[in-house]
Amino acid sequence: MNAGFASWLFGMSPVAGALGGMLGTAIGIFIVLAATTFGSALLYAISGFGFAVLAAPLFLLFLDPARAIQLVIIISTALSIVVLRGLLPTIAPWLLLRLALGSLVGLPLGLVAFRYADPILVRAAAGAMIFGFAVLMTVSRRRSGQPVPGKQWTVFAMSPSLDLAAGAVSGVARALVGQPGPPVLIYLLLVGAAAKTVRATLLAFFALSYGVTLAFHAATIGIPAPTWLAAGILIPFAFLGGIAGRPIGDRLGAEAFAMVAIGLLAVAGAYTLGAAAVAFAIA
């Protein structure tokens with residue numbers, strides 16, 4: 001792979017070009033992208049959440065923004081479908097339906113808010129809330145002591161109305177900050193849903209969400225041929241990460257799963273807050 005082909009294929013940013021010069025070859029950049037894809041997919045398969053949160057920052061460092069975001073969407077869609085196949089029996093179909101319906105209601109509300117709200121302030125507020133929830137849940141779980149074997153840590157009971165509300169908040173979050181996952185994950189953790197149910201439901205929810213987003217991009221914005229080709233090259237690394245992560249997630253106990261999920265929420269909140277701070281600094 002020469003530098004010219006890599007630049008055409010991945011649409012590398014100037015920062016990536018400078019780094020490519022330091023490494024000596026464009027292959028170094030490809031290795032970083034492949035490793036990022038594998039690692040993000042590994043954690044995604046374990047928790048059902050976080051591929052975009054972990055992959056997007058590095059993709060944006062090396063690639064042009066439009067190319068990076070579309071690659072994340074394509075890879076996430078394919079990965080969700082593949083990883084989900086082994087978890088189909090553990091999906092809660094009615095829960096998934098209510099979350100999806102709520103998301104459809106919340107999405108236009110979020111789009112209206114996005115039109116009038118300051119995007120930097122919205123990102124900062126969302127990041128602070130997500131990070132705050134992660135800290136609050138960590139402190140609450142520690143204060144409550146070790147859970148009784150076979151008993152889930154819960155704050156309130158799951159209900160159809162709360163399912164719809166969580167989906168609506170997710171739809172608003174998708175429009176405002178591009179992160180539909182944290183509200184659903186926070187809700188499922190607070191109601192004490194079983195770890196396998198959380199993973200399977202999140203993966204199914206993301207498969208639907210990213211599938212719709214991918215179709216929207218293809219129909220309106222358009223996805224260039226190099227982006228499809230780059231995705232085709234990186235998707236096998238995502239599949240390898242998903243295959244490696246799924247058995248780990250299956251063996252993960254409820255408490256360990258919750259801590260992994262809370263850790264990913266903290267990363268998502270910190271990243272969103274940091275991105276808002278950077279945008280504010282350069283505005």
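Quick one: which of LEU96, LEU101, LEU88 is closer than 19 Å to TYR187 by Cβ, out of contact with any strand residue (DSSP E or B) (no Cβ under 6 Å at 6 or more places or on another chain) and open to solvent by 30 Å² or more (accessible area, probe 1.4 Å)?
LEU101
Go through region 34-65 and give me each residue that's more than 25 Å from GLY269 (Cβ to Cβ) and touching a residue at least 60 places away in the same chain (Cβ under 8 Å).
Once the filter is applied, which keeps residues that are more than 25 Å from GLY269 (Cβ to Cβ) and touching a residue at least 60 places away in the same chain (Cβ under 8 Å), region 34-65 yields only ALA34.
Matching residues to (1) outside any helix (DSSP H, G or I); (2) without any contact (Cβ under 8 Å) to a residue 12 or more places away in the chain; (3) more than 19 Å from ALA175 (Cβ to Cβ):
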residue	(1), (2), (3)
THR227	no, no, yes
ALA231	no, no, yes
PRO236	no, yes, yes
PHE239	no, no, yes
GLY249	no, no, yes
GLY263	no, no, yes
THR272	no, no, no
ALA279	no, no, no
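Which numbered condition in (1) surrounded by 22 or more Cβ atoms within 10 Å (Cβ to Cβ); (2) of a type outside the set (Ser, Thr, Tyr); (3) under 18 Å from ASP250 (Cβ atoms) is the only one that PRO180 fails?
(3)
Does region 69-79 hold any residues that are in contact (Cβ under 8 Å) with a residue 40 or more places away in the chain and more than 16 Å from PRO236 (Cβ to Cβ), and which are they?
Within region 69-79, the subset in contact (Cβ under 8 Å) with a residue 40 or more places away in the chain is 70-71, 73-79.
Within region 69-79, GLN70, ILE73 qualify.
Please find, among THR220, THR197, the residue that is closer than 17 Å to TRP94 by Cβ and either of a type in the set (S, T, N, Q) or surrounded by 24 or more Cβ atoms within 10 Å (Cβ to Cβ) (or both).
Values: THR220 fails: closer than 17 Å to TRP94 by Cβ.
The conditions single out THR197.
Name the helices (runs of 4 or more DSSP H) wholly within region 8-113 that hold at least 1 residues that are touching a Lys or Arg at 6+ places or on another chain (Cβ under 6 Å) and at pLDDT 80 or above?
26-47
Name every residue in region 233-251 that is open to solvent by less than 60 Å² (accessible area, probe 1.4 Å) and under 15 Å from ALA35 (Cα atoms), in order of residue number.
Result: ILE233, LEU234, ILE235, ALA238, GLY241, GLY242, ALA244, GLY245.
Name the residue, out of ALA270, ALA194, that is over 20 Å from LEU71 (Cβ atoms), over 13 Å from the mean Cα position of the chain (by Cα) and modelled with pLDDT of 80 or more.
Selected residue: ALA270, the only one of ALA270, ALA194 that is over 20 Å from LEU71 (Cβ atoms), over 13 Å from the mean Cα position of the chain (by Cα) and modelled with pLDDT of 80 or more.
The values are calculated or read from the model by the stated rules, or taken from the named source; none is laboratory data. Given the structure is predicted, the values throughout are model-derived calculations rather than measurements. Positions of Cβ are backbone-derived with ideal geometry, glycine not excepted, and every protein chain shown enters the neighbour counts. These area figures cover heavy atoms from the full protein model, side chains too; ligands, DNA and RNA do not enter into them. Shrake-Rupley method; radii C 1.70, N 1.55, O 1.52, S 1.80 Å.
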